[in-house]
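See structure below.
The values are calculated or read from the model by the stated rules, or taken from the named source; none is laboratory data. Predicted model, so just to flag it, every value in this text is computed and none were measured. Glycine also receives a Cβ, built like all others from the backbone with ideal geometry; neighbour counts cover every protein chain displayed.
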Amino acid sequence: MTSKKKRKRSTVERPTIHPRNKYSDNPPDFGLLASLYPTFEPFVFYSRDGRPRIDWTDFNATRELTRVLLHHDHALNWWIPDGQLCPTVPNRSNYIHWIEDLLSSDILTNTNADGNGDIVRGFDIGTGANCIYPLLGASLLGWSFVGSDVTDVALEWAERNVKNNPQISDLIEIRKVDNGEERSNGQLVDGESGTHLYDIEAIKAEPAPLASLKLHSDVHKSYHGPPVLLGVVRDGEKFDFCMCNPPFFETMEEAGLNPKTSCGGTPKEMVCPGGEEAFISRIIRDSVQLKQSFRWYTSLVGRKSNLKILISRLREVGVTIVKTTEFVQGQTCRWGLAWSFMPPSRKIISSHVAEKNVLSFTLEGLQRKYSAIHVLESVESFFCSAGASCKSNASAFTIDITASNDHCDTILKNELRDVDEPAAFQYKQVMSNASCCSHLPLNDLSFRISVFQQIPGTLLVRGSLQHKESPAAGAFSLMFPRLEEFLKAKFCREKAPVDGFYSNTAR
């Protein structure tokens, strides 16, 4: 009985796949697919436990898997040439279903872009040769799409993928983006915020004049590329949403740091100066001018530190609503960011309870010799050195920790034994010198620490109370920053002043 409860709790605390995703209850069966598709069979092998697997570092294997999944489960004909970004179907479906949640909620007035209340119209920024979001959105939900891109190869193959599916081809338009030099007609917004938004929040900020918005101090965070929305969206056009899988990286070297996967990707798809922060900031800047041309503006975000920066920029420009979500599959973590200038249809109250019970931070600039398992071992050492009870699950990258009042006191007083302490803790003066935990409840504090890979060189560390109603949440929220300081001092490289990749740290 106990083991069943633990498994159930783990499922709740570690989101994986959207419940409406086709693969939520039935993940892809490689053995079955190999028997049905002879072209996929050579890529499937069997591990010692008898499970069919593929080599995720083989681009041809991942591309063929995507092809057969789209054909078998979605009746779609699809292909991309060598080197183009190869999407994973379950992950991309999660994004589609999240947007479906946004559109079906009662947050905004329920009117579609075309006014007839039936056809949902979306805009895919940088649809790529794979054209995956329009194909999935049209086949799953009957949505219509405009998919934009700038390279000839991407436009050619996106058109092919649309035309090869005549049952939905009338729903999808592929639109070429002018690749001329961008005019400097505004500045990126900036700001810093320690606020975590895990639910919908109405933002009561006055719109800032575009001319008054300040550039980020890091010159690399400015976007100087082809148009994104302005200059691509036509006069008078209305859309229900836009979506974007942005270029996450600043260099191709960063993009190639993960040796465990091979999804291809050209420099245009993977890289832009300033990385995702600059690119999404440009979407925000365009949205300030387009305003209610879209009901929802959305984008994926790869780093939590960037999520906080982008949320603060949205506050500055006076959006009415922001919503975030977390996409976690395996050890990869992404966030969805959505905002709107439409008036909310009801008063929205943001809950801060979750922020106290679930805390997280990112480790950026991880040295190459370290991995998630090294971080997990150090987390265990950190709490065990204070005498806390730790039970680790290396396969799930989690540690369940039980700490008494005395254990909390030891951690908060910096009296850890046999642990290499960082040079200086920023939180030394948080509690009085007399008795750091004398006022805390005597109940044992139980929580779980999980480690997720976001992108190569970046890990997410998340802590969650096992008992949400625990009165000891205050001790949990004080200890967690100590763990953050310890891990960052041990594992993260020094931040180079001119390198934008490590210039922002989640707080």
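Tabulated data
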{"read-out": "Restricting the stretch 344-385 to residues that are in contact with a helix residue (DSSP H, G or I) (Cβ under 8 Å, 6 or more places away or on another chain) and at pLDDT 90 or above, the residue that is nearest to Gln292 (Cα to Cα)", "value": "Val375"}
{"read-out": "Breaking point among (1) over 16 Å from Pro246 (Cβ atoms); (2) at pLDDT 90 or above, for Arg285", "value": "(1)"}
{"read-out": "Residues (surrounded by fewer than 24 Cβ atoms within 10 Å (Cβ to Cβ) and not in a helix (DSSP H, G or I)) located in the stretch 303-321", "value": "Gly318, Thr320, Ile321"}
{"read-out": "Contacts under 8 angstrom Cβ, first residue in the stretch 130-148 being under 17 Å from Val68 (Cβ atoms), partner of a type in the set (Lys, Arg), 6 or more apart", "value": "Ile132/Arg92; Leu136/Arg92"}
{"read-out": "Count - residues of the stretch 305-325 that are β-branched (Val, Ile, Thr) and either free of Cβ contacts under 8 Å to residues at least 12 places away in the same chain or under 20 Å from Gly365 (Cα atoms) (or both)", "value": "1"}
{"read-out": "Test for Thr402: is it outside any strand (DSSP E or B), assigned by TED's automatic domain parsing to the domain that holds Arg368, more than 30 Å from Gly302 (Cα to Cα) and modelled with pLDDT of 80 or more", "value": "no"}
{"read-out": "Filtered residues of the stretch 438-458 (kept if at pLDDT below 85 and in contact with a strand residue (DSSP E or B) (Cβ under 9 Å, 6 or more places away or on another chain))", "value": "Asp444, Phe452, Gln453, Gln454, Ile455, Pro456, Gly457, Thr458"}
{"read-out": "Total residues in the stretch 362-403, condition of a type in the set (Lys, Arg) and over 23 Å from Gly457 (Cα atoms)", "value": "1"}
{"read-out": "Test for Cys86: is it in contact with a helix residue (DSSP H, G or I) (Cβ under 7 Å, 6 or more places away or on another chain), under 23 Å from Val301 (Cα atoms) and at pLDDT below 95", "value": "yes"}
{"read-out": "Unique match (being touching a strand residue (DSSP E or B) at 6+ places or on another chain (Cβ under 8 Å) and under 16 Å from Gln453 (Cα atoms)) among Ser305, Ser293", "value": "Ser305"}
{"read-out": "Test: residue in the stretch 34-52 that is among the aromatic types (Phe, Trp, Tyr) and either closer than 30 Å to Leu359 by Cβ or within 28 Å of the chain's Cα centre (by Cα) (or both)", "value": "no"}
{"read-out": "Residue in the stretch 90-104 that is modelled with pLDDT under 95 and part of a loop (DSSP other than H, G, I, E, B) present", "value": "no"}
